[in-house]
Amino acid sequence: MNFKEKKTPEEYRYFLALSLAPKIGPGVFKAILAYAGSAQNFFQIPKGKAAKIPKVGPKLLELREQKDTLLRAADQLIQNSEKKNIRILTHLDPEFPQRLKAQEDGPVVLFIKGNSTLNFERTVGIVGTRNATDYGKSVTRKIIEDLAVYQPVIISGLAYGIDIEAHRLSLKTDLPTIGVLGSPIDQIYPAVHKSTAEQMLEKGALISEYPSGSKMAPGNFPARNRIIAGLSDALIVVEAAEKGGALITAEIAYSYDKEVFAVPGNLQSSFSEGCNHLIKKMKASIYTGPNDIAEALFWTKPGEQKVRKPSLDLSSRNGEEKLILELLLDKKELEIDMISYQTGIPLGLLSSKLLELEFEGIIKSLPGKKYRIQY
């Protein structure tokens with residue numbers, strides 16, 4: 001969803017005020033802006049009109065009566081952030097990361113420390129277990145050293161294990177790296193990573209959707225995984241247990257239609273179960289080297305001729321395949337039931353055709369039994 005660029009300081013104040021209101025998540029916030037036109041309008045339109053906004057019930061309408069309190073809190077937040085050299089970016093700002101604007105559940109406000117822009121040309125997310133093995137650490141080092149020629153920004157979560165290895169190795173390789181915090185922007189967690197976090201600020205940044213002085217809650221950390229996934233053009237899972245944050249991030253990245261890769265591991269290692277599971281379920285491709293990323297994202301090295309995305313030739317396709325591909329080219333993505341309905345192909349035959357096209361790398365399956373053209 002696109003919001004207009006910042007027009008006045010008042011609009012900015014109201015935007016922050018509404019973002020500070022309790023029980024207003026990104027989905028509700030965006031519904032309010034889509035209907036009211038701006039946060040300022042939400043507080044000023046008649047109550048009857050405000051009551052018609054989707055997802056806004058009686059309790060949220062009561063927020064309008066707290067306008068002055070919320071505006072004072074917004075003013076205080078702006079002052080505190082300026083004192084601590086913290087940038088505030090909202091959807092009203094053109095500098096807000098475009099990759100996150102595409103997410104329905106993406107944050108509406110970000111707090112940033114550091115010198116980096118957040119609209120990078122190339123990004124790679126690297127995540128994994130907090131209990132990284134020597135194998136996992138060496139693979140992370142190899143990945144970053146190999147990717148350095150493409151000059152991507154490395155995204156991770158500053159957590160123990162693979163995350164902090166990715167950040168530290170990025171610094172050693174002179175790659176910018178972005179840490180997405182699950183804690184307030186002025187509170188590095190874990191604290192032992194503070195030194196690394198400070199080094200990241202020169203060419204990279206720390207970002208959080210939690211303002212300075214706010215309380216740290218356990219639910220913040222799973223929530224920040226969607227930001228890591230959203231900022232990453234490709235996500236590499238190095239090591240992951242059967243359950244954990246890295247696997248959650250991979251699932252989110254897959255749902256966002258990102259390129260997801262997993263490093264295969266020892267079948268007897270519990271820290272490779274998650275990676276092997278992602279590969280088995282075809283939610284991640286096997287990572288074998290930097291060419292995997294370059295081919296998926298059409299990256300070239302300095303001096304190489306720029307690779308163009310191939311066009312899809314339908315002339316050699318049989319009747320059913322041509323119907324399927326023409327429909328997906330037109331609709332972008334579609335559920336299997338709708339593909340069957342609109343093409344007239346029975347579900348049994350359609351399933352086998354979709355599988356064949358997926359094996360060829362022409363289409364990609366998405367959550368909810370949806371499919372889209374791969375390129």
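The values are calculated or read from the model by the stated rules, or taken from the named source; none is laboratory data. Quantities reported herein were computed from a predicted structural model and do not represent experimental measurements. Here Cβ is always computed from backbone atoms with ideal geometry, including for glycine, and neighbour counts include all displayed protein chains. Surface areas here come from the heavy atoms of the whole protein model, side chains and all, with no ligands, DNA or RNA. Shrake-Rupley method; radii C 1.70, N 1.55, O 1.52, S 1.80 Å.
Any residue in the stretch 15-38 that's of a type in the set (Val, Ile, Thr): show its pairings with residues that are open to solvent by 20 Å² or more (accessible area, probe 1.4 Å) at Cβ separation under 6 Å, as long as the two are six or more apart or on different chains.
From the stretch 15-38, the pairs are Val28/Lys55.
Among the helices (runs of 4 or more DSSP H) lying completely within the stretch 43-87, list those that include at least 1 residues that are over 16 Å from Phe15 (Cβ atoms) and touching a Ser or Thr at 6+ places or on another chain (Cβ under 8 Å).
On the way: elements: 47-50, 58-61, 67-83.
So the answer is 67-83.
Is there a residue being modelled with pLDDT of 85 or more, touching a Lys or Arg at 6+ places or on another chain (Cβ under 7 Å) and not aliphatic (A, V, I, L, M) anywhere in the stretch 46-65?
no
Identify, by number, the condition in (1) buried (at least 18 other Cβ atoms within 10 Å of the Cβ); (2) modelled with pLDDT of 95 or more that Ser138 doesn't meet.
For Ser138, the failing item is (1).
In the stretch 165-186, what residues are at pLDDT 95 or above and open to solvent by 10 Å² or more (accessible area, probe 1.4 Å)?
Selection gives Glu165, Arg168, Leu169, Leu171, Lys172, Thr173, Asp174, Pro176.
Looking at (1) out of contact with any Gly (no Cβ under 8 Å at 6 or more places or on another chain); (2) within 26 Å of Asp105 (Cα to Cα), find the lone condition where Asn220 falls short.
In the conditions (1) out of contact with any Gly (no Cβ under 8 Å at 6 or more places or on another chain); (2) within 26 Å of Asp105 (Cα to Cα), Asn220 misses (1) alone.
Please give the number of the condition Leu349 fails out of (1) within 20 Å of Asp257 (Cβ to Cβ); (2) among the hydrophobic types (A, V, I, L, M, F, W, C); (3) assigned to a helix (DSSP H, G or I).
Only one criterion is unmet by Leu349, namely (1).
Condition check ((1) crowded, with 24+ Cβ neighbours inside 10 Å; (2) in contact with a Ser or Thr (Cβ under 7 Å, 6 or more places away or on another chain); (3) not small (Gly, Ala, Ser)) across all residues:
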| residue | (1), (2), (3) |
| --- | --- |
| Phe221 | no, no, yes |
| Ser232 | yes, yes, no |
| Val263 | yes, no, yes |
| Glu273 | no, no, yes |
